[in-house]
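The values are calculated or read from the model by the stated rules, or taken from the named source; none is laboratory data. Quick caveat, the model's predicted, so the values are computed rather than measured. Every residue, glycine among them, receives a Cβ derived from its backbone with ideal geometry; neighbour counts consider all protein chains shown.
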Amino acid sequence: MAEGKLNIYNLGDVGVRLNDSPIHVPDGSLTEAQNTQISQQSGEHAIRKRPGLTKLTDTAAAGRILAMANLPFADPLEDAYGGLGSTMEYGIDSVSGTSRRSSDGTTWAYASSIAAADLPQPAANGRTHQGGYIYGGVLYYPHTDGSLRQYDGVHSGVHSTPPSTLGGLPYSAIHSIVGSGSTLYALVAYTSDSIRFKYAVYSCTLTGGTWTQQAESFDTQNTVASGVREAQNVDGLTYWNSKLWVIVHGTDAAGPITDDNIVVLSITPGDTSWATDRTVTTSFGILGTILGGGNVLWIAYSLSSGSPSNKLDKRTTGGVWSTVLTASAQILPLYALGDRLYVNDSAVIKRSTNAGTSFTSFSLSPSPSAGSSGVRGFVLGSTYYLVLTSYGVVKDDGVTPTLVDAAFPLAAGALL
Amino acid sequence: MPFYLIHAGTALQKASVNGTLTTLSLPSGVTVSTSYPARFATLNREVVVANATSRNIVVSPIDLSTRLLSIDGPGASVPSLSATGTGVLTGEYRYKVTFLIMSGSTVLTESPFSSVAGPVTTASQQVSLTSIPTSGTSGVNARRIYRTTNGGTDYFLLTTISDNSTTSYTDNTSDYDLALLPTADDLGNPPGSDATDRFRLLVSWKDRLWGSPAVNPDRVYYSENRKLWAWSATNFLTVKPVGEDQIGVTAFMVRRDDLLVGKKRALWMIRGTPPDTIQDIQIYEGPGPVSQEAAIVIQNVAYYLGEDGVYEVSGTGVSRISDEAVHPWFTTDTYFNRKLFSAAFARWNPASNTLEIHLAAAGSSSIDRWVSYDLRRKIWLGPHKTDAFTPSMAGLMENGLGILATVLGSTAGNLYRESATSFNDDATAVALSITTKNFGMNTPDIQKFYGELSVITRVQSGGTLTITPTVGGLDASAGSAISHDMTLGRERLRRLGAGRFAKLQFTNSASNQDVEIYGFELPYHELGRR
């Protein structure tokens, strides 16, 4: 009787074969190969278990996922200093240093790409929130010479120059900058003394060029001019839900201000008149910040009377306003990324990942001051980082924020 | 890092490479359907979304803002014309008006033309235009006026009014100056601009968008060059046969310089450049793609699921690559629910260089299985499954190293990416099951005794591989299982016993357990004919 030995070492060569009859199918064939693959690394001719599929995040999307598109553009919500050549970089001060840079969130070094002399200075008068703004992987920041500078992580230079005067008043400062599509929008302050202000929102393209005023300017109190929109202060510009939004303190569409209310106004770029979206009646309020993120527009403000007097409110895309947080001291929004928001509430960092439905508190040691209004955050890899003025950089690893760069507090007039 | 747009439930969301999700705000009145998958097409650094959205919309990848792709035009509202003063115009002139949304000098969208205003007759005069229509559409911030030359029928851009309020304009532009400009593109709103129709399919190809609508499903419309808002009503091709089913065009596949257009039982190719050299050619008479999601181009070769198998379209023509080995997967009801072939979807797995096609198991109403085709070795593996979730979508996503990795979406709304280190589907073990052929040693009529099986596997730090032999006739039952210690690498196991055939099943469902089988040896001797 014949004998022999079957040697099968080609399980990865033939694969599943179902066409042949059971006695005609060649050796090495399989009738089933569930969850297998041929290893691409030193595994030719063998067969192995396929790798696993790992859930990217525990947060589910809005429902069954039906389609996906790959967009080969910079992630706009990487905000990012991560967009500057895969590094994070924030300004220190205008005298002693230049800026701090890290590529891993742990090791920080001085960066000299933006010279100290180029860092923005506080304005002599008026509002001094001269913030840098990251958009499309480029940092835009106002310079003391009146120009808007740009920095892509390697090179810096003049981007454009805002109009030198508005209604006869000289340029003072760029209050804030936002971007949408191929356009930058900036809230610009003009002032000649401590009580005469004008604010206007301007647009210019990402490639520079002429600045174009958007809608009416705001004349602040005591610059009485009938027929001109007035406001006591304009404190914040954001782009959200295809509109530009500002928060102002007391406004009247045509002439002297008749109230001290806190008012949220919006325009669709190209429109000529601001539209009132919300008015908070108060005898005198302190404005905070307006910030758009994901499906939510946030405002923080303080009222002169009533309890609670310090509030964080949100607006849905459907136009519904609600208060999501109250406090004994002024609440300062720090950073919004999508529906994730960080605020500084009486020196405690609070985070919401569900559009303000609930907040998780994080106590930092040493505690940041109540006025430590870090204005920016950024993402590097999968970690969120917050920058708190006079405190440093805080890494939020999803569990507990960790201090990573507190030895280098930001000075007054810092870039961020 | 790039990012991703996903259609999830009734929302469009942005997903970062680490899975962070952000819901996009949609233009007022626009809703997202759960019945139709979104179609995405990128042109001019903007993303057009159709099919799932109640209107075609545009997403800016720079800030995730959204807007309608199209806006209504002035329609029959046209300027009043009168000859006036002294000027350079002599003859007969006609005008049209459009509405625009612009960002700086960039046109975001332009409406269809108004009806024709005029003619107005002049003799060395100017033309006064009054009552120029304004738009009630939010965001319109410019208008354009177009004009003919004397007695002409082509329209040229006369001027752009950079507001939505000015209602008068005086024209004193000579025919010579006007005709230095190119003739105006044919403007128009595409299907999906209102609720009467939608683009079922949409793709970007040769600097234009190409779409097939629901109302005329045998047609393929195309936009003007790099103008995603300009769709002339006459810019379409008809893919035959016409009107023979309600499905029409089933899939687009961009392959090199061609746009492949599938129908259920034919495959066409569009070549050339509109308007002069564009043509559609039938390249295959036979089963075409049944699902846009199961039609994919990998390295210059198109693959699609047809009603009777998987097809390959390469430089050598169209062929059915499932014929030789796994034809029964696609032509019987034993393995898959063929009614759900139209819901199948495909992906390329760069790590294993495989085409993977997701299907519903026989009797299942979910897309809960997939098969893979090794593109280099040209062999099939599967059917595969996961016990962790039900896949609902497949695609590619960069990992933290910027390298493409296969990704699946689930019916529960989660994204899963293939791991480089884990053998679990999230927290659930991957269940390996390999079944060999029936080995008859070329003597299927002879009874044999199968001796001690030896197995050689990759040495692991732990774990066992379960081997279940079946020895006997072709209808024999499985025998008792054998356990192979994978820390040994090679192990000699028990005798398998007597029978005409022997086959082996290798299984492992241990958590995070790697398994790699190099081969096995099985001694035998013939017992004779029984």
Residue match in the range B:42-51 (condition: modelled with pLDDT of 95 or more and small (Gly, Ala, Ser)): yes
Pairs with Cβ under 8 Å, 6+ apart, first in the range B:195-207 and on the phi < 0 side of the Ramachandran plot, second among the charged types (D, E, K, R): B:Ala195/B:Arg55; B:Phe199/B:Arg39; B:Arg200/B:Arg39; B:Leu201/B:Arg39; B:Leu202/B:Arg39; B:Val203/B:Arg39
Residue count for the range B:238-279, restricted to those that are farther than 21 Å from B:Arg226 by Cα and surrounded by fewer than 17 Cβ atoms within 10 Å (Cβ to Cβ): 9
Selection count where residues are more than 7 Å from every other protein chain (Cβ to nearest Cβ) and assigned to a strand (DSSP E or B), scope the range A:58-71: 0
Residue identified as free of Cβ contacts under 8 Å to residues at least 40 places away in the same chain and closer than 21 Å to B:Gly395 by Cβ among B:Ala8, B:Ala38, B:Ala15: B:Ala38
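I need the full set of residues from the range B:50-73 which are within 8 Å of chain A (Cβ to nearest Cβ) and not in a loop (DSSP other than H, G, I, E, B), in order please.
Going through the range B:50-73, the residues within 8 Å of chain A (Cβ to nearest Cβ) turn out to be B:52, B:60-67.
Matches in the range B:50-73: B:Thr66, B:Arg67.
Within the range B:7-29, count every residue that is assigned to a loop (DSSP other than H, G, I, E, B) and either facing chain A (nearest Cβ under 7 Å) or more than 21 Å from the chain's Cα centre (by Cα) (or both). If you could, list the steps in order and put the result at the bottom.
Going through the range B:7-29, the residues assigned to a loop (DSSP other than H, G, I, E, B) turn out to be B:9-10, B:16-20, B:24-29.
Then keep just the ones that are either facing chain A (nearest Cβ under 7 Å) or more than 21 Å from the chain's Cα centre (by Cα) (or both); that gives B:9-10, B:16, B:18-20, B:25-29.
Counting residues in the range B:7-29 that are assigned to a loop (DSSP other than H, G, I, E, B) and either facing chain A (nearest Cβ under 7 Å) or more than 21 Å from the chain's Cα centre (by Cα) (or both) gives 11.
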Residue list for the range A:28-57, restricted to those being over 45 Å from the mean Cα position of the chain (by Cα), facing chain B (nearest Cβ under 7 Å) and not in a strand (DSSP E or B): A:Ser29, A:Gly43, A:Ala46
Selected residue [modelled with pLDDT under 95 and surrounded by 20 or more Cβ atoms within 10 Å (Cβ to Cβ)] from B:Thr406, B:Thr436, B:Thr386: B:Thr406
Pairs with Cβ under 8 Å, 6+ apart, first in the range B:319-334 and facing chain A (nearest Cβ under 10 Å) and within 15 Å of A:Thr31 (Cα to Cα), second part of a helix (DSSP H, G or I) and not aliphatic (A, V, I, L, M): B:Ser322/B:Trp329; B:Ser322/B:Phe330; B:Thr334/B:Pro328
In the range A:23-42, residue farthest from B:Ala502 (Cα to Cα) [restricted to those that are of a type in the set (Gly, Ala, Ser) and either modelled with pLDDT of 90 or more or touching a strand residue (DSSP E or B) at 6+ places or on another chain (Cβ under 6 Å) (or both)]: A:Ser39
Failed item in (1) part of a strand (DSSP E or B); (2) within 7 Å of chain A (Cβ to nearest Cβ); (3) closer than 13 Å to B:Ile57 by Cα, with B:Tyr4 passing the rest: (3)
Which numbered condition B:Thr421 misses (of (1) at pLDDT below 95; (2) surrounded by 22 or more Cβ atoms within 10 Å (Cβ to Cβ)): (2)
Residue among A:Ile299, A:Ile349, A:Ile286, A:Ile290 that alone is assigned to a strand (DSSP E or B), more than 24 Å from A:Ser180 (Cα to Cα), at pLDDT 75 or above and of a type in the set (Val, Ile, Thr): A:Ile349
Failed item in (1) buried (at least 17 other Cβ atoms within 10 Å of the Cβ); (2) outside any strand (DSSP E or B), with B:His484 passing the rest: (2)
Hits in the range B:510-527 (condition: part of a loop (DSSP other than H, G, I, E, B), surrounded by 15 or more Cβ atoms within 10 Å (Cβ to Cβ) and either more than 8 Å from every other protein chain (Cβ to nearest Cβ) or charged (D, E, K, R) (or both)): B:Ala510, B:Asp514
A:Ala46 vs. criteria under 17 Å from B:Ser392 (Cα atoms) and at pLDDT 90 or above: no
Qualifying strands (runs of 3 or more DSSP E) (wholly inside the range B:353-436; at least 2 residues being in contact with an Asp or Glu (Cβ under 8 Å, 6 or more places away or on another chain) and at the interface with chain A (Cβ under 7 Å from one of its Cβ atoms)): B:379-384, B:432-436
Given (1) surrounded by fewer than 22 Cβ atoms within 10 Å (Cβ to Cβ); (2) closer than 30 Å to B:Leu108 by Cβ; (3) at pLDDT 95 or above, index of the condition B:Pro328 fails: (2)
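Tell me the residue from B:Ile357, B:Ile379 that is out of contact with any Leu (no Cβ under 7 Å at 6 or more places or on another chain) and buried (at least 21 other Cβ atoms within 10 Å of the Cβ), please.
Working: B:Ile357 fails: out of contact with any Leu (no Cβ under 7 Å at 6 or more places or on another chain).
Among B:Ile357, B:Ile379, only B:Ile379 is out of contact with any Leu (no Cβ under 7 Å at 6 or more places or on another chain) and buried (at least 21 other Cβ atoms within 10 Å of the Cβ).
Only one residue in B:Leu404, B:Leu396, B:Leu415 is over 30 Å from A:Leu6 (Cβ atoms) and touching a residue at least 60 places away in the same chain (Cβ under 8 Å), so which one is that? Break it down into steps so the answer makes sense when it comes.
Values: B:Leu404 fails: touching a residue at least 60 places away in the same chain (Cβ under 8 Å); B:Leu396 fails: touching a residue at least 60 places away in the same chain (Cβ under 8 Å).
The conditions single out B:Leu415.
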Where B:Asp72 falls short, out of the listed (1) in contact with a Gly (Cβ under 8 Å, 6 or more places away or on another chain); (2) under 26 Å from B:Leu228 (Cα atoms): (1)
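Could you go through the range B:165-186 and let me know if any residue there is polar (S, T, N, Q) and crowded, with 21+ Cβ neighbours inside 10 Å. Quick ask: steps written out before the conclusion?
Filtering the range B:165-186 down to residues polar (S, T, N, Q) leaves B:165-168, B:170, B:172-174, B:183.
From what is left, the residues that are crowded, with 21+ Cβ neighbours inside 10 Å are none.
No: the range B:165-186 contains no residue that is polar (S, T, N, Q) and crowded, with 21+ Cβ neighbours inside 10 Å.
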Selection status of B:Gly463, within 12 Å of another protein chain (Cβ to nearest Cβ), at pLDDT 95 or above and either in contact with a helix residue (DSSP H, G or I) (Cβ under 9 Å, 6 or more places away or on another chain) or on the phi > 0 side of the Ramachandran plot (or both): yes
Checklist (1) more than 7 Å from every other protein chain (Cβ to nearest Cβ); (2) surrounded by fewer than 18 Cβ atoms within 10 Å (Cβ to Cβ); (3) modelled with pLDDT under 95 applied to B:Pro444, failing item: (1)
